[in-house]
Amino acid sequence: MIRESIRRNLNPIAQLGPLTTFMIIFFGFPILVFFIYSFWTVQGWTIVRQWSLGNYFHAVASPVYRMLILRSVFIGLFTATLSVVVVYPLAYTLAFKIRRYRDLILFILMISLFSNYLVRIYAWRSILSTNGLVSVILMALGLADEPNSYLLYDWTGVVVTLLNVYLPFATLPIYSALLNIERSLTEAARDLGASPLRAFYEVTLPLSTSGVRVAFLFIFLLTAGDFVTPELVGGSGGRMIGNAIATQFGIVFNWPLGSAFAFTTILVIFLLLVAFLVGGRLLRPRR
Amino acid sequence: MTRHIVNAKNVTKHFGKVVALDDVTLDVKEGEFVTLLGPSGCGKTTFLRICAGLEQPTEGRVFIEGEDVTEVPPHKRPVNMVFQRWALFPHRNVFENISFGLMLRKRPPEEIERRVKEMLAMVKLEGYEERRISQLSGGEAQRVALVRSLILHPKVLLLDEPLASLDLKLRKGMQIELINIHRNLGTTFIYVTHDQEEALVMSDRIVVMNEGRIVQDGTPREIYQHPTTVFASNFIGEASLFKGQVAERDSEKVVVACDGLRIVCPGREDVSVGQRVWVSVRPEKIHMGPEGDVGRENSFPSEIVNVIFLGSMVRYQIELPSGELITVQQDLSDERPLHPLGAKVEIGWAKESSLLLTR
């Protein structure tokens, strides 16, 4: 009897154990270490174990870093929103309108993930540059008089690049959520008097929000913390907090300050999420 | 003279190479309860969906109240459908589901509230307005789906095997409820099922379908007593089937030879000697008596090889001298003892009970 209940409790522990241990050792523990660092300071090349809130003060009070944090959050939100809007029609078409070539198209979508992340960013830098593909097309269409590097070396470059790079991550959750919607639901809506567009709005859209939310969250979190893309295509207008953190860790050797930047950003994003959740709850009650 | 509310003319539907419907013409009278009966894949659901506007026929036209609606989209047709798995909106509660159609038509809230209440009362689900769909039992969900369509007063209600996922007792209860609703509202019902008993219970008229074509069309009684094809006689009710050739034919009788048995059928003109035919006999028409009890045109000594007790009646599987097995059904209302396995009996039936089928 007792053995049975022990075994029942042990089973999930046994199954989650390895992953949890891994996460605690290689993720939780380092995070804890850096959290402690963020309250210390640096002198020369050594970390001084002197407790102070100076780093955090610096992160919040300094206009430059404040701007970087806010800009990173903004870029994250903007890219996530744009991704969801752009990808939804694609996911919809794949889920409902295409049958024969569906797997092929999904495969093509996934192929981009096979190649190296860094290489793709370089590719985008080339596409967006003066005399790059974008410029050539715009000139051919007559929309531009001279070659120019639109979007490049600014926050717009970061958005465009990350939008393309993370496209599969945005498509899959929405596609998956749409697949789960029974076809007879939209048929019932149409039978009851809804035009195809209305049926989409009343049935398909609400039932796909779980997928949309996941996609949005994915892209937001992946983008807001990125530092490689802004390094290569961001220029000065596209510099993000990730770059500042990388600088503190890699060049300046001020790990405490870098850690403080990181945790301040985490706090800001956390507060944002809380605001969304609360706001969503407030907007929800209907009847 | 009741008019026809639905006319389907030469409706054909291809799905790629598959022919789902092959030149189907059907007329439905106003107020009728018509059932499309057939096995899976016979085209009955496809036909229903074409009436609803959810599919377009490859050829042919559909008319509702005299108007050609073949190209009219479903949201503009005066018909409504009850889906097999009910298709209730999971993200809305019972009230919102039922009022969906009225909401789309922008009816005033007081009217919507009143009509939803009426509908819920009609199916004995008062007070269910706030329930979530996931909280409903099968029977409750089925009734919500039903009134969701009925509340819009459609000219024709299309039902796609709506009772298929309910257990037996519930299904039988719902069959009666549907008959009552049909009688009270007078709406035309087009019902699709593969369950022949359901069709017999509820319909004014049954249309038997197979492989995309209409096999027979008539009242339940007509189809049961006078099936025109082997398929129809097999699909509706139980029957013993004999395959053979016409041995003799005159104005009074036709004798069919099957495997050494001579089966006597009523006389008819349209068969010729040597023609391959089938004879179908309903189990309740076959009499079983003690050995040697010969009294009818068709009489054969045989042995009981199986006894199937069904509560209010019993079915005996009988082995005829030719080795063929037939089924005899007896009512048990007078509590007579069951015949034992292995008993030798005399099987007989009247000439009129032999249904001669040519296809």
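None of the figures in this text is laboratory data; all of them are computed from the coordinates on show. Since this is a predicted model, take the numbers as computed values, not measurements. Note that each Cβ is placed from the backbone with ideal geometry, even for glycine, and that neighbours are counted across all protein chains shown.
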Residues whose placed amide H lies under 5 Å from that of B:E324, excluding near-sequence neighbours: none
The stretch B:116-131-the stretch A:220-241 distance, computed between alpha-carbon centres (Å): 57 Å
Can you tell me which of B:317-326, B:159-168 comes out highest on packing, and rank the rest after it, using the mean Cβ neighbours within 10 Å? B:159-168, B:317-326
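Dipole of the protein assembly as shown, Cα-centred, from +1 at each Lys and Arg C-beta and -1 at each Asp and Glu C-beta, to the nearest 20 debye?
2580 debye
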Between the stretch B:14-86 and the stretch B:145-192, what is the C-alpha centre distance in whole Å? 17 Å
In degrees from 0 to 90, rounded to the nearest 10, what is the angle of the helix B:109-122 Cα long axis to the longest principal axis of chain B? 20 degrees
Between the stretch A:79-97 and the stretch B:291-345, how far is it from one alpha carbon centroid to the other, in angstrom? 68 Å
Grab every C-alpha pair in the protein assembly as shown, bin the distances at 20 angstrom width from 0 up to the longest one, and report whole percents. 14, 30, 27, 18, 9, 2, 0
In sequence order, calculated HN-Hα J values of the stretch B:128-137 (Karplus, 6.51, -1.76, 1.60; Hz; x Gly/Pro): 8, 3, 8, 5, 7, 4, 5, 8, 7, 7
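How crowded by other chains is B:151-158, given as the mean number of beta carbons from other chains within 10 Å of each beta carbon? Working shown, then result.
On the way: counts 1, 3, 0, 2, 0, 0, 0, 1.
Mean inter-chain Cβ contacts per residue within 10 Å come to 1.
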Mind computing the radius of gyration and Dmax over the alpha-carbon atoms of the stretch A:11-283? Å is fine for both. 22.6, 74
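Among A:F22, B:F235, B:F89, rank each residue by its count of other Cβ atoms within 10 Å, from fewest to most, as a rough exposure measure.
Numbers: A:F22 11, B:F235 24, B:F89 19.
Lowest count first: A:F22, B:F89, B:F235.
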From the helices alone, meaning DSSP H stretches of at least four residues, give me the mean residue ellipticity at 222 nm for chain A, per-run term -39500 (n - 2.57), in deg cm²/dmol to the nearest 500. -21500 deg cm²/dmol
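Can you sort B:M103, A:M67 from fewest to most other Cβ atoms within 10 Å of each residue's own Cβ? Intermediate values should be presented prior to the final figure.
Details: B:M103 16, A:M67 12.
Lowest to highest Cβ neighbour count: A:M67, B:M103.
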Phi-derived 3J(HN,Hα) across the stretch B:254-262 with the Karplus relation (6.51, -1.76, 1.60, θ = phi - 60°), rounded Hz, x for Gly and Pro, is 10, 9, 10, 9, 10, 6, x, 8, 10
Principal axis dimensions, chain B - Cα atoms, whole angstrom, descending: 77, 48, 41
Local charge sum around B:F231 (other residues, Cβ-Cβ under 11 Å, Lys/Arg +1, Asp/Glu -1)? +1
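May I ask for the percentage of alpha-carbon pairs in the stretch B:238-357 that lie more than 26 Å from each other? Before the final figure, lay out the partial values.
Details: 1459 of 7140 pairs.
Everything past 26 Å amounts to 20 percent.
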Among B:R132, B:R249, which comes first, then next, by fewest other beta-carbon atoms within 10 Å? B:R132, B:R249
Just to verify a number: FRET efficiency for A:V278 and B:H91, C-beta to C-beta distance, R0 = 22 Å, to 0.05? 0.55
Counting only DSSP beta bridges with both residues in the protein assembly as shown, tell me the antiparallel percent, nearest 5. 80 percent
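Would the stretch B:40-196 count as rounded, prolate or oblate if I go by the C-alpha gyration tensor, calling it rounded below 1.5 in a/c and otherwise prolate when a/b exceeds b/c, oblate otherwise? Write out the running numbers ahead of the final one.
On the way: a/c = 1.79, a/b = 1.25, b/c = 1.43.
Judged from the Cα gyration tensor, the stretch B:40-196 comes out oblate (a/c at least 1.5, b/c at or above a/b).
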Cβ neighbours within 10 Å from other chains - mean over A:189-201: 6
Which residue, A:G28, A:P89, A:L167, has the largest displacement toward the positive end of the dipole of chain A when charges sit on each Cβ (Lys, Arg +1; Asp, Glu -1)? A:G28
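Where Lys and Arg each count +1 and Asp and Glu each count -1, what net charge lies around B:E118 among other residues with Cβ under 11 Å from its Cβ?
Numbers: positive: B:R114, B:R115, B:K117; negative: B:E111, B:E113, B:E126.
Local net charge: 0.
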Just for the Cα atoms in the stretch B:163-275, what are the lengths along the principal axes, largest first, rounded to whole Å? 53, 27, 26
Cα long-axis angle, helix B:168-185 against chain B (0 to 90 degrees, to the nearest 10): 60 degrees
What is the angle, in °, between the Cα long axis of helix B:138-150 and the longest principal axis of the Cα atoms in chain B? Nearest 10 is fine, range 0 to 90. 60 degrees
Rounded to the nearest 500, what is the 222 nm mean residue ellipticity of chain B from helices alone, with -39500 (n - 2.57) per DSSP H run of 4+ residues and division by all residues? -6500 deg cm²/dmol
The stretch B:211-304: mean projected area of Cα convex hull, nm²: 7.6 nm²
Any idea which of B:L310, B:G186, B:P109 is furthest toward the positive side of the dipole for chain B, if Lys and Arg beta-carbons carry +1 and Asp and Glu beta-carbons -1? B:P109
When you look at the Cβ of every residue in B:71-77, what mean number of other chain Cβ atoms sits within 10 Å? 4
In order through the stretch A:168-177: 3J(HN,Hα) via Karplus (6.51 cos²θ - 1.76 cosθ + 1.60), integer Hz, x for Gly, Pro: x, 5, 7, 5, 4, x, 5, 4, 4, 5
